[in-house]
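Working notes, structure below.
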C-alpha cells in the first residue's frame with residue numbers, strides 16, 4: 001500500500017490509499033518490452049519462451065505482495081511496512097529535508113536518517129500523524145523508488161556473478177539451474193519498480209488528484225484519477241498492443257553512468273525527476289478531455305501513456321543488460337568452488 005501524507009505543496013498529507021502504478025496488463029507490458037530490447041548475445045536461458053513468460057508474469061509480483069496487506073487483524077502489516085514505500089517517491093517532499101535530486105543520498109537508510117533529522121529539527125513543518133491511519137508505520141516516509149531500483153540492479157549483478165563462477169569453476173547442474181532461476185526472479189520483480197517510475201502519479205504528492213488548497217488551474221481532485229491512469233483508460237480503449245509498442249524499442253545498451261559507483265542510483269533519480277515533470281501536463285490533459293474514452297477524444301492521452309510504458313521498458317532492458325555486462329567477479333565463490341574441486345580430487 002502506498003500510505004502517504006498530503007496537506008500542502010511541501011507538506012505531507014493525511015490519508016491512506018492503495019495504488020498500483022499500471023495495472024497488471026501495463027506492468028506485464030513493461031517487462032515484455034524490456035525483453036524485446038535484449039540482444040541475442042544476452043544469456044540464452046533468459047530468452048527462451050518459457051523464461052520470457054516467467055519474467056513477464058513476475059512483473060506484478062510486488063503488487064501481489066500487497067494483496068496480503070489487508071490490514072485485517074494485523075495481517076500483512078510487516079510486508080506493507082517493508083515493501084509499500086518501494087512503489088513511489090513523492091519528489092516534492094525532499095525540500096522539507098533540505099535536499100535536492102542531486103544531493104539525495106544513494107543509500108536508503110541515509111535518506112531515512114535525513115527524514116528523521118528534518119522532522120526533529122522542524123516539527124512545525126509536519127502535521128501530526130493519526131495513529132489510526134498509520135497501521136503500517138509508513139506515514140513519515142516519502143517513498144524509496146530510486147533506491148529499490150538500485151538495490152535490485154545490484155542483486156542482479158550478484159546473480160550474474162554467481163552464475164559465472166558456477167559455470168567456470170565446476171558448479172553442479174542443480175546449482176547452475178538454481179542460479180539462473182535467481183536471475184530470472186530478480187529480472188522480473190525489479191521490472192515492477194522501473195514500471196512504477198514512469199507512471200507520473202508515482203513520483204508526486206499529487207498522486208490521487210490535485211488535493212491541495214492551491215489548485216488555480218482547476219485540475220481534478222478525484223481519488224479515482226490514479227486508477228484511470230493506471231489502466232482504466234487502456235481497458236476502455238482496447239487494451240495494450242505490446243507488439244506495436246515493441247517497434248519503438250531499440251536494442252538494450254550499457255548505461256553510460258555505470259562507471260560512476262552511484263551511477264545507477266543517479267540514473268533512477270533522473271528518471272523519476274523526468275517523469276515528475278509530466279505530472280502537471282498529465283492533469284492538463286485530463287482537464288482538457290484528452291484522457292477520455294469517448295470516441296477519439298483520448299487519442300493523445302492514450303499515446304502519452306503508451307510512451308510512458310515504452311520509456312520504462314527501454315530503461316529496464318538497459319538495466320538488465322548493464323547488470324550482466326558489468327557483473328563483478330565473485331572471487332569468494334570461485335575460491336570455495338576451487339577448494340571443493342580440489343578436495344573431491346584427493347585420494348580417499
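The values are calculated or read from the model by the stated rules, or taken from the named source; none is laboratory data. Nothing here was measured: the structure is a model prediction, and the numbers come from that model. When we count neighbours, we look across all protein chains shown, and the Cβ atoms used for this are built from the backbone with ideal geometry, even at glycine.
Quick notes
- Residues being modelled with pLDDT of 95 or more and in a loop (DSSP other than H, G, I, E, B) - total across the stretch 49-71: 0
- Any hit, the stretch 164-176, residues being within 30 Å of residue 28 (Cα to Cα) and crowded, with 17+ Cβ neighbours inside 10 Å: yes
- Residue check: residue 114 meets all listed conditions (1) in contact with a helix residue (DSSP H, G or I) (Cβ under 6 Å, 6 or more places away or on another chain); (2) buried (at least 21 other Cβ atoms within 10 Å of the Cβ) but one, namely (2).
- Residue in the stretch 134-143 that is touching a residue at least 40 places away in the same chain (Cβ under 8 Å), out of contact with any helix residue (DSSP H, G or I) (no Cβ under 7 Å at 6 or more places or on another chain), in a helix (DSSP H, G or I) and surrounded by fewer than 17 Cβ atoms within 10 Å (Cβ to Cβ) present: no
- When restricted to residues that are crowded, with 22+ Cβ neighbours inside 10 Å and within 16 Å of the chain's Cα centre (by Cα), the stretch 189-218 contains 16.
- Number of positions in the stretch 168-187 that are out of contact with any helix residue (DSSP H, G or I) (no Cβ under 6 Å at 6 or more places or on another chain) and not in a helix (DSSP H, G or I): 2
- Just one residue in the set 334, 329 is over 25 Å from residue 31 (Cα atoms) and surrounded by fewer than 16 Cβ atoms within 10 Å (Cβ to Cβ); that residue is 329.
- Residue count for the stretch 188-216, restricted to those that are in a loop (DSSP other than H, G, I, E, B) and either modelled with pLDDT of 95 or more or in contact with a helix residue (DSSP H, G or I) (Cβ under 7 Å, 6 or more places away or on another chain) (or both): 8
- The numbered conditions (1) under 21 Å from residue 230 (Cβ atoms); (2) modelled with pLDDT of 60 or more are all true for residue 19 except (2).
- Sole residue being touching a residue at least 24 places away in the same chain (Cβ under 8 Å) and assigned to a helix (DSSP H, G or I), chosen from 117, 155: 155
- Residue 269 vs. criteria farther than 24 Å from residue 201 by Cα and touching a helix residue (DSSP H, G or I) at 6+ places or on another chain (Cβ under 7 Å): no
- Residue in the stretch 224-237 that is surrounded by fewer than 20 Cβ atoms within 10 Å (Cβ to Cβ), touching a strand residue (DSSP E or B) at 6+ places or on another chain (Cβ under 9 Å) and either at pLDDT 95 or above or more than 30 Å from residue 160 (Cβ to Cβ) (or both) present: yes
- Residue within the stretch 38-48 that is at pLDDT 75 or above, buried (at least 16 other Cβ atoms within 10 Å of the Cβ) and within 26 Å of residue 141 (Cα to Cα) present: no
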